[in-house]
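K.L.:
Encoded as structure tokens, here's the structure I'll be asking about.
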Amino acid sequence: METIAKIRRRHKVNGESISEIARRLNLSRNTVRKYLKQGDPPRYQRREQPKPRLGAYEEQLKTWLEQDSQHPKKQRRTARRLFEDLQAEGYAGAYDSVQRFVKRWKQAKPALSQAFVPLIFPAGDAAQFDWSHEQVELGGVVQTIKLAHFRLAHSRQPFLVAYSRESLEMVFDAHDRAFAFWGGIPKRMIYDNPRTLVDAIKVGKQRRFNRQFLALANHYLFEPVACTPASGWEKGQVENQVGNVREWLFSPRPRFKDLAELNIWLEQQCRKKLARRKHPEQSSQTIGQVFAEEQALLRPVGKPFVGYVEKACRVSSTCTVGYDRNRYSVPAEYAGQGVFLRATATQIKIVHEGKVLACHHRCFNREQQILDPWHYLPVLERKPGALRNGAPFVQWDLPVPVRKVRDHLLKQDKGDRAFVEILLAMKAHGSELLSVACELALEHKTLNAAVVLNHVNRLKEPQPVRENPVPGHLRLQQEPQANCSRYDGLREGHHGQ
């Protein structure tokens, strides 16, 4: 193209001869004449290549392509896979022939993959759910959080809540929060096919949902609906919300102290900023105004669903059980026994025979030990030396007076055993009473276990004295009266002697 343009300019604009142009551009004169005669640039067309070996297999290939077109895109065979299947049928030709045939067949087929049917949802009918991954800065550290998206399909009212995981217990907590935020429950909840919710995908819309998730649906009485695989348009509202929320709320990257502060901010954004946007269909109203009308048609929320993931485990010799690559302490008397660990979005509970043995705030870091020092008190009675370097006691947040007494006693011989006696009293009578007892011991500068325990006994409220009934024959008929003159008389008599 560039050479043709140069030849035409030199001859028609500059007036150079054909011989001169051919000499300067190192071309033949015939080539220069050819380019000057044709006005348009040359077009190269590929001739139809013969495919004698594929001819007998074209009908089979068309049949396979028609069958694959009825399947989701991810389940369709590639040209390479079709070529291998044809070889199994006896085809001995080249792969290129199959590839060109598949390409021409797809180009000739009407493209309906981007055509959709507009959907309309009545008020109170349905809501859509999805996850997204967003970048935030929590406590000065950039992290990827998992953002749960809810969207009422009629009013478009969104709800957002962030977690560190996408596990089932987070799904339970997210639904509790969403229904509480909306003040009601829609008739249907539309989902993708996440593994946390769907155990098996069957023909059509049939699904085998997770049993614990079905317990959530039965509690709130909504119908769970799963989309067709690879058909995101069936919940297109929440799919679009993912991209919009990323642009509106997470660009630039926001900063927060922790996850709880982030969730408070997200709820405020849903209630104010996002609810004030115009409704896409009812442009005269905002999303919040349409939501206020829809809210009356939502089913009222009753008690929240107490959802958890339960795991059977055995308490180790260090009095801990493991979950999500962390260790949580259990009272020492249950070491070696089988217990059940119940994990929610915020707590870890250890249960034995229906009794809650321990409750911890859930930790989302890895390889951490969450230890309650009180769980190890029976071990300290037998091994008081563990008080100095035991992991549960290193960062123990004791009251200041108790800490001062501890630091003083641990410098003495057998001071660790003496402080264990104080800890036993603290567990029996409470930290406030023992703090006052330690303050009194510090004031008198007599720091030992006996003094502290003596102060504890003195500070305890005295037990009420129960009066014993007096028999009738022992009761006084006439009570004596106070007479100071009798005392004076006794004094006088004594002096007279």
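K.L.:
So if R0 is 56 Å, what FRET efficiency would R24 and R77 give, r being the distance between their Cβ atoms, rounded to the nearest 0.05?
P.N.:
Working: r = 56 Å, r/R0 = 1.00.
E(calc), rounded to 0.05, equals 0.50.
K.L.:
A further question on this structure: Angle between the Cα long axis of helix 95-108 and the longest principal axis of the chain, 0 to 90 degrees, nearest 10?
P.N.:
80 degrees
K.L.:
Classify region 78-214 as rounded, prolate or oblate, taking a ≥ b ≥ c as the square roots of the eigenvalues of its Cα gyration tensor: rounded when a/c is under 1.5, otherwise prolate if a/b is larger than b/c and oblate if not. Write out the running numbers ahead of the final one.
P.N.:
On the way: a/c = 2.43, a/b = 1.99, b/c = 1.22.
Verdict is prolate for region 78-214.
K.L.:
Starting from the Cα gyration tensor of region 163-245, take the square roots of the eigenvalues, sort them a ≥ b ≥ c, and report rounded, prolate or oblate (rounded when a/c is under 1.5, otherwise prolate if a/b is larger than b/c, else oblate).
P.N.:
Working: a/c = 1.42, a/b = 1.09, b/c = 1.29.
Judged from the Cα gyration tensor, region 163-245 comes out rounded (a/c under 1.5).
K.L.:
Using the structure shown, list the pairs from K6/K34; K62/K106; K74/K146; K187/K235; K187/K272; K383/K460 with a Cα-Cα distance above 19 Å, or answer none. If you can, show how the numbers build up before the last one.
P.N.:
Numbers: K6/K34 14 Å; K62/K106 10 Å; K74/K146 25 Å; K187/K235 15 Å; K187/K272 25 Å; K383/K460 29 Å.
Beyond 19 Å: K74/K146; K187/K272; K383/K460.
K.L.:
Under 1.5 on a/c is rounded, so check that first for region 309-371, then, if it is not, pick prolate when a/b is larger than b/c and oblate when it is not; a ≥ b ≥ c are the square roots of the alpha carbon gyration tensor eigenvalues.
P.N.:
Numbers: a/c = 1.77, a/b = 1.25, b/c = 1.42.
In terms of gyration-tensor shape, oblate.
K.L.:
On to the next question. How about K349: which lysines have a C-alpha closer than 23 Å to its C-alpha, ignoring those fewer than 8 places off in the same chain?
P.N.:
Straight-distance partners of K349: K303, K311, K427.
K.L.:
For region 19-34 and region 415-461, what is the separation of their Cα centres, given in Å?
P.N.:
111 Å
K.L.:
Another question, then. Note down the net charge around D192, summing +1 for each Lys or Arg and -1 for each Asp or Glu among other residues with Cβ under 15 Å from its Cβ. Walk me through the numbers on the way to the answer.
P.N.:
Values: positive: K74, K146, R151, R188, R195, K205, R207, K235; negative: D130, E166, D199, E234, E239.
Combined, the nearby Lys, Arg, Asp and Glu give +3.
K.L.:
If you add up the charges near D130, with Lys and Arg at +1 and Asp and Glu at -1, over every other residue whose beta carbon is less than 12 angstrom from its beta carbon, what do you get? Kindly include the intermediate steps, with their values, before the conclusion.
P.N.:
Values: positive: K146, R151, K235; negative: E166, D192, E234, E239.
My count for the surroundings of D130 gives -1.
K.L.:
Right, next: Give the order of R104, R177 when sorted by the count of other beta carbons within 10 angstrom, beginning with the fewest. Before the final figure, lay out the partial values.
P.N.:
Details: R104 10, R177 19.
With the sparsest Cβ surroundings first, the list reads R104, R177.
K.L.:
Next question, about the same structure. So if I place +1 on the C-beta of Lys and Arg and -1 on the C-beta of Asp and Glu, and nothing else carries charge, what would the dipole magnitude of region 126-295 be about its Cα centre? I want it in debye, nearest 20. Write down the numbers at each step before the final one.
P.N.:
On the way: 24 positive and 19 negative charges, 37 e Å.
Dipole of region 126-295, to the nearest 20 debye: 180 debye.
K.L.:
Can you give the direction-averaged projected area of the convex hull of the alpha-carbon atoms in region 55-108, in nm²? Mind dumping the intermediate values first?
P.N.:
Values: hull surface 14.3 nm².
That works out to 3.6 nm².
K.L.:
Quick one: what are the phi-derived ³J(HN,Hα) couplings along region 244-253, Karplus 6.51/-1.76/1.60 with θ = phi - 60°, whole Hz, x for glycine and proline?
P.N.:
5, 5, 4, 6, 7, 10, 10, 10, x, 5
K.L.:
Can I ask one more? Which order do the peptides 68-80, 389-401 take when ranked by the mean count of other beta-carbon atoms within 10 Å per residue, highest first? Can you show the working numbers first?
P.N.:
Numbers: 68-80: 12.4, 389-401: 13.9.
Highest mean packing first, the order is 389-401, 68-80.
Here, each number is a calculation from the coordinates, and none is a lab measurement. This structure is a prediction, so every number in the text was calculated from the model and none was measured. Note that each Cβ is placed from the backbone with ideal geometry, even for glycine, and that neighbours are counted across all protein chains shown.
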